[in-house]
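One structure below.
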Amino acid sequence: MRILVVGSGGREHAIVRALSGEPGNSLHAAPGNPGIAELADIHPDTAAAPDQILALARKLGAGLVVIGPEAPLVAGAADALREAGISCFGPSAAAAMIEGSKSFAKQVMTEAGIPTAASFTCRTSGEADAALNSFGPPYVVKDDALAAGKGVLVTGDLEAARAHARACGTVVIEEFLDGPEVSLFAVCDGTTAVPLLPAQDFKRAHDGDSGPNTGGMGAYAPLPWAPAGLAEQAMTAVIRPALDALRRRGTPYQGLLYAGLSLTAAGLRVVEFNARFGDPETQVVLDRLATPLAPLLAAAAAGDLTGAAALEWRPGAAVTVVLAAEGYPEHPVKGGTIKIMTTERVANSYLLHAGTTTGPDGTLVSAGGRVLNAVGSGPGIAAARAAAYALAATVDLRGGWYRHDIAAREA
Ligand code: AMP
Ligand code: GLY
């Protein structure tokens with residue numbers, strides 16, 4: 001099958017890598033990155049706009065388009081493709097609002113009886129003050145709109161919480177959820193869904209979960225501490241009710257539904273929904289997937305998962321460590337030369353490109369805040385983690401850095 005993967009990050013590199021290991025796939029990526037270019041034909045000049053994605057898919061005769069990031073989904077790329085009769089793995093703009101608007105997500109959860117943090121949607125500073133007062137610290141203030149991972153502030157500082165609410169305009173202010181977080185991905189066909197392996201992400205920039213929230217600094221799967229049956233519990237309490245509610249609204253959800261869960265003392269609660277694969281959790285989840293990915297995504301895109309093969313997972317574990325640019329997440333420095341010391345290969349590991357490009361002289365340079373992912377695997381988390389860190393140490397980027405404690409406690 002000819003497959004076009006839209007996006008240019010570590011998540012898309014992981015998707016292309018999984019697809020490239022399966023016979024019969026002819027792979028394209030737009031815009032792609034230099035790492036993806038080793039596995040697929042890339043189209044660096046194609047922007048994320050729906051009409052450009054549609055034009056490229058038509059030109060290639062793509063049998064399936066897989067959309068990685070949220071922006072093209074919220075902009076209607078999946079709608080444009082489906083209207084043109086092209087199979088697409090990714091929700092419509094209306095269904096992607098589950099990520100595009102925090103208040104919409106809360107409405108769907110209320111309607112469907114999905115457990116989540118109590119919240120208020122606030123449009124004025126007076127409403128925000130009242131909500132902050134009623135919950136007390138720690139304060140959780142979320143920009144209602146998409147904010148590329150920068151919309152959420154969790155803080156004990158009332159003045160900082162008030163300032164964030166003022167800066168965002170419409171915000172959702174909610175109860176603080178105290179529990180370990182789990183990322184659960186479900187492949188959805190509009191009516192039914194198949195869960196992937198639960199994973200955990202490290203959202204804060206620095207060791208010991210300090211510093212600002214980021215897109216994610218590392219991840220691991222599986223979760224040795226998770227209660228048995230967690231994925232099935234989340235399917236029953238969260239994923240299926242969400243799919244039913246969206247279908248009743250006339251906006252069936254076809255694509256990847258990402259539930260960010262908090263396992264609180266009072267039970268499982270939804271922290272957020274995303275309309276796409278998580279980054280960097282996808283890097284570890286797909287590393288463990290033994291079942292071919294292309295037929296699974298194609299079946300979901302065709303609206304019928306009933307015939308899809310039951311998923312099998314490779315034994316063992318995977319860990320990924322994100323190599324970030326100097327200044328990430330506030331002001332990432334771009335354009336730094338990346339050198340990868342390839343003289344000694346690190347066993348059971350590989351690099352995925354996240355924010356890289358090719359410089360004028362053909363060298364590899366950084367082009368984003370999260371630059372590379374070092375992925376390691378092994379019979380357990382300790383071995384996977386050792387492989388990922390050994391590989392990360394072979395990368396040379398001025399000012400580049402990573403967290404040292406990804407999956408440390410779990411190992
Ligand atoms: P979100 O974009 O909604 O996932 O928020 C980003 C991160 O902020 C989450 O992964 C959590 O670590 C944290 N967060 C969001 N909402 C809450 C909450 N209600 N309680 C505690 N932490 C939260
Ligand atoms: N790693 C979190 C996300 O993809 O939103």
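Would you mention how many residues in the stretch 262-276 are closer than 16 Å to Lys203 by Cβ and more than 10 Å from ligand 1 (Cβ to nearest atom)?
Number satisfying all stated conditions: 1.
For the list (1) farther than 19 Å from Ile36 by Cβ; (2) modelled with pLDDT of 90 or more, I need the number of the one condition that Leu351 fails.
Single failed check for Leu351: (1).
Could you list, ordered by first residue, the pairs with Cβ atoms under 9 Å in which the first is in the stretch 55-74 and within 20 Å of Arg2 (Cα to Cα) and the second is in a helix (DSSP H, G or I) and among the hydroxyl-bearing types (Ser, Thr, Tyr), at least 6 apart or interchain?
Gly68/Thr282
Identify the single condition in (1) within 27 Å of Leu56 (Cβ to Cβ); (2) within 15 Å of ligand 1 (Cβ to nearest atom) that Arg82 does not satisfy, given that it satisfies every other one.
(2)
Can you run down the residue pairs with Cβ atoms below 7 Å, 6 or more apart or on separate chains, where the first is in the stretch 267-280 and at negative phi and among the basic types (Lys, Arg) and the partner is near ligand 2 (Cβ under 8 Å from one of its atoms) and part of a strand (DSSP E or B)?
Arg276/Tyr258
With the condition being out of contact with any helix residue (DSSP H, G or I) (no Cβ under 6 Å at 6 or more places or on another chain) and within 20 Å of Gly215 (Cα to Cα), I'd like the helices (runs of 4 or more DSSP H) fully within the stretch 102-189 carrying at least 2 qualifying residues. Before you say what the answer is, go through the steps one by one.
On the way: elements: 102-112, 125-135, 158-168.
Where helices (runs of 4 or more DSSP H) fall fully within the stretch 102-189 and carry at least 2 residues being out of contact with any helix residue (DSSP H, G or I) (no Cβ under 6 Å at 6 or more places or on another chain) and within 20 Å of Gly215 (Cα to Cα), they are 158-168.
Find the residue count for the stretch 283-318, including only residues that are under 30 Å from Ala386 (Cα atoms), assigned to a loop (DSSP other than H, G, I, E, B) and β-branched (Val, Ile, Thr). Quick ask: steps written out before the conclusion?
Of all residues in the stretch 283-318, those under 30 Å from Ala386 (Cα atoms) come to 283-293, 311-318.
When the remaining residues are screened for being assigned to a loop (DSSP other than H, G, I, E, B), the result is 290-292, 311-312, 314-316.
Okay, now just the ones that are also β-branched (Val, Ile, Thr), so 291.
Residues in the stretch 283-318 being under 30 Å from Ala386 (Cα atoms), assigned to a loop (DSSP other than H, G, I, E, B) and β-branched (Val, Ile, Thr): 1 in total.
Looking at Ala37, Ala71, Ala30, Ala62, can you tell me which residue is among the aliphatic types (A, V, I, L, M) and part of a loop (DSSP other than H, G, I, E, B)?
On the way: Ala37 fails: part of a loop (DSSP other than H, G, I, E, B); Ala71 fails: part of a loop (DSSP other than H, G, I, E, B); Ala30 fails: part of a loop (DSSP other than H, G, I, E, B).
Ala62 is the lone residue from the list that is among the aliphatic types (A, V, I, L, M) and part of a loop (DSSP other than H, G, I, E, B).
Is it the case that some residue within the stretch 260-282 is within 22 Å of Glu70 (Cα to Cα), in a helix (DSSP H, G or I) and either modelled with pLDDT under 95 or within 21 Å of the chain's Cα centre (by Cα) (or both)?
The answer is yes, given that some residue of the stretch 260-282 is within 22 Å of Glu70 (Cα to Cα), in a helix (DSSP H, G or I) and either modelled with pLDDT under 95 or within 21 Å of the chain's Cα centre (by Cα) (or both).
Return only the number of the condition from (1) surrounded by fewer than 21 Cβ atoms within 10 Å (Cβ to Cβ); (2) away from ligand 2 (no atom under 16 Å from the Cβ) that Gly260 does not satisfy.
(2)
Which numbered condition in (1) out of contact with any Phe, Trp or Tyr (no Cβ under 9 Å at 6 or more places or on another chain); (2) within 19 Å of Val322 (Cα to Cα) is the only one that Ala234 fails?
(2)
Can you run down the residue pairs with Cβ atoms below 6 Å, 6 or more apart or on separate chains, where the first is in the stretch 22-42 and touching a residue at least 40 places away in the same chain (Cβ under 8 Å) and the partner is in a helix (DSSP H, G or I)?
Sorted first by the residue in the stretch 22-42, then by its partner, the pairs are Glu22/Ala294; Asn25/Leu19; Asn25/Ala294; Gly35/His13; Ile36/His13; Ile36/Val16.
The values are calculated or read from the model by the stated rules, or taken from the named source; none is laboratory data. As the structure is a prediction and not an experimental result, all values here were calculated from the model. Counting neighbours? That spans all protein chains shown, and the Cβs are built from the backbone with ideal geometry, glycine included.
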